[in-house]
Amino acid sequence: MVTEAGVRILGIETSCDETAAAVVEDGRRVLSSVVASQVDLHARFGGVVPEIASRAHVELITAVIAEALVEAGVLDVTELDAVAACHGPGLAGALLVGVSAAKALALSTGLPYVQVNHLEAHLYAAWLEEPDLEPPLAVLIVSGGHTLLVVMEGHGRYRVLGQTVDDAAGEAFDKVARFLGLGYPGGPAIDVLAATGDPTAIPFPRAMVDDGYDFSFSGLKTAVINHVRRYPDAEVADVVASFQEAVVDVLVTKLVGAAAEAGASTLVIGGGVAANSRLRARLLDAAGATGRRAFLPPPALCTDNGAMIAATAWWRLRADGPTPLDAGADPNLRLPSVA
Ligand code: KG4
Ligand code: ZN
């Protein structure tokens with residue numbers, strides 16, 4: 001069990017289309033964080049192509065790790081205390097590149113290897129900036145592949161209250177943007193364009209808003225498509241602002257409801273969609289209006305990065321010790337729930 005101070009962990013993330021590595025000290029101080037995005041490679045296909053992602057990770061991983069070490073002032077890998085990689089959920093071939101790189105480094109240096117759950121890592125991004133967060137926390141993880149509402153009762157203790165029954169929130173942003181010809185990834189493009197539109201212009205449906213903690217975004221996506229087909233001259237900025245508002249309304253309502261039920265005084269968000277400026281503004285308002293705190297990691301820590309992997313590994317190493325080197329990747333890994 002790691003208890004001493006000054007523990008430096010290299011975190012590697014290759015679950016989707018970012019090749020990322022970072023060195024984090026004691027689970028909170030980011031000494032370096034390098035993210036090589038493959039967005040340009042996938043953009044012309046309108047989404048991530050798994051084979052292209054795996055190949056790009058192989059080409060980029062060594063340089064990205066080397067840059068993270070240099071930026072952190074680590075002259076030799078043996079100066080580190082552990083090497084961690086995301087082992088799921090994600091694309092199988094992509095995950096294997098990061099896991100293999102981490103295990104090779106661990107094997108050749110004798111350093112401990114730590115496998116990290118990507119969803120748990122999105123949650124721990126908040127702890128990087130705010131190590132004194134007090135559970136229980138009401139946490140919303142919203143990314144391209146997942147929409148999860150979780151009560152974090154303590155380190156490693158999660159109660160999953162709800163998740164999407166169809167599309168993830170980020171997936172809805174990407175699909176609507178693709179339909180409107182706004183490019184890939186769609187979330188950031190919609191975020192920017194929506195700022196110039198009227199969020200009340202079109203009353204898109206708020207699916208399941210008062211119905212438990214699960215989410216559904218596929219009907220909203222269809223409603224946007226139907227609206228644009230029916231009114232081809234509709235102002236695109238109004239369409240995306242109204243769509244974004246419908247997503248944000250549901251996310252904020254359910255997160256605040258979960259916080260009330262769990263007696264949590266702090267709201268936390270993570271995952272790529274947590275970079276959305278409207279979601280961030282509305283969450284701060286909702287927290288203020290209900291006497292709660294909202295903790296929003298900076299956008300660069302919301303989207304995929306290696307620092308969140310290294311930070312989570314620090315907590316996991318303390319709790320569980322190193323991961324055996326014969327452990328593999330798990331594309332369908334879930335967040336373990338205590339209830
Ligand atoms: O967490 P992430 O980087 O990768 C996954 O684990 O999936 O999330 C990527 C998702 C994409 O769907 C992207 O469109 C969305 O996050 N996203 C955003 C914004 N920035 C990224 N969605 C809305 N607004 C943003 N500013
Ligand atoms: Zn992610």
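The residue list Val247, Val228 contains one member that is of a type in the set (A, V, I, L, M) and either at pLDDT below 95 or farther than 21 Å from Ala286 by Cβ (or both), which is Val228. For the stretch 276-294, a residue qualifies if it is open to solvent by 30 Å² or more (accessible area, probe 1.4 Å) and either touching a strand residue (DSSP E or B) at 6+ places or on another chain (Cβ under 7 Å) or not in a loop (DSSP other than H, G, I, E, B) (or both), and the qualifying residues are Ser277, Arg278, Arg280, Ala281, Arg282, Leu284, Asp285, Gly288, Ala289, Arg292, Arg293.
Among the residues making up the stretch 172-206, those that are assigned to a loop (DSSP other than H, G, I, E, B), under 23 Å from the mean Cα position of the chain (by Cα) and small (Gly, Ala, Ser) are Gly183, Ala195. Go through the residues of the stretch 260-269 one by one and say whether even a single one is under 30 Å from Ile65 (Cα atoms) and modelled with pLDDT of 95 or more. The answer is yes, given that some residue of the stretch 260-269 is under 30 Å from Ile65 (Cα atoms) and modelled with pLDDT of 95 or more.
From Ala22, Ala43, grab the single residue that is surrounded by 16 or more Cβ atoms within 10 Å (Cβ to Cβ) and either small (Gly, Ala, Ser) or closer than 17 Å to Ala106 by Cα (or both). Of the residues listed, the single one that is surrounded by 16 or more Cβ atoms within 10 Å (Cβ to Cβ) and either small (Gly, Ala, Ser) or closer than 17 Å to Ala106 by Cα (or both) is Ala22. Being within 16 Å of ligand 2 (Cβ to nearest atom), open to solvent by less than 10 Å² (accessible area, probe 1.4 Å) and among the aliphatic types (A, V, I, L, M) is the requirement here; does Val142 meet it? Judged against the criteria, Val142 is a match. Looking at the stretch 155-171, which of its residues are open to solvent by less than 10 Å² (accessible area, probe 1.4 Å) and either more than 11 Å from Ser216 (Cα to Cα) or more than 15 Å from the chain's Cα centre (by Cα) (or both)? Across the stretch 155-171, the qualifying residues are Tyr158, Gly162, Gly170.
Among the residues of the stretch 16-51, which ones are of a type in the set (A, V, I, L, M, F, W, C) and closer than 24 Å to Glu129 by Cβ?
Cys16, Ala20, Ala21, Ala22, Val23, Val24, Val30, Leu31, Val34, Val35, Ala36
Scan the stretch 92-134 for residues that are modelled with pLDDT under 95 and surrounded by fewer than 17 Cβ atoms within 10 Å (Cβ to Cβ) and jot them down. The answer is Glu129, Glu130, Pro131, Asp132, Leu133, Glu134.
Look at Gly181 and say whether it is surrounded by fewer than 24 Cβ atoms within 10 Å (Cβ to Cβ) and either within 26 Å of Gly328 (Cα to Cα) or free of Cβ contacts under 8 Å to residues at least 40 places away in the same chain (or both). Yes, satisfied.
Could you look through the stretch 295-315, keep only residues that are assigned to a loop (DSSP other than H, G, I, E, B) and near ligand 1 (Cβ under 10 Å from one of its atoms), and pick out the one that is nearest to Ala194 (Cα to Cα)? Only one residue fits best here, namely Thr303. Counting residues in the stretch 209-226 that are within 16 Å of ligand 2 (Cβ to nearest atom), in contact (Cβ under 8 Å) with a residue 40 or more places away in the chain and not in a helix (DSSP H, G or I) gives zero.
Residues that are assigned to a helix (DSSP H, G or I) and open to solvent by 10 Å² or more (accessible area, probe 1.4 Å) were ranked within the stretch 253-273; the one that is nearest to Phe173 (Cα to Cα) is Val273.
For Gly145, the conditions (1) modelled with pLDDT of 95 or more; (2) not in a helix (DSSP H, G or I) are fulfilled apart from (1).
The values are calculated or read from the model by the stated rules, or taken from the named source; none is laboratory data. Fair warning: this is a prediction, and the values are worked out from it, not measured in the lab. A quick note on method: Cβ atoms are made from the backbone with ideal geometry, for glycine too, and the neighbour counts reach across all protein chains shown. When the accessible area is computed, the model is the full protein with side chains, heavy atoms only, and any ligands, DNA or RNA have been set aside. Shrake-Rupley method; radii C 1.70, N 1.55, O 1.52, S 1.80 Å.
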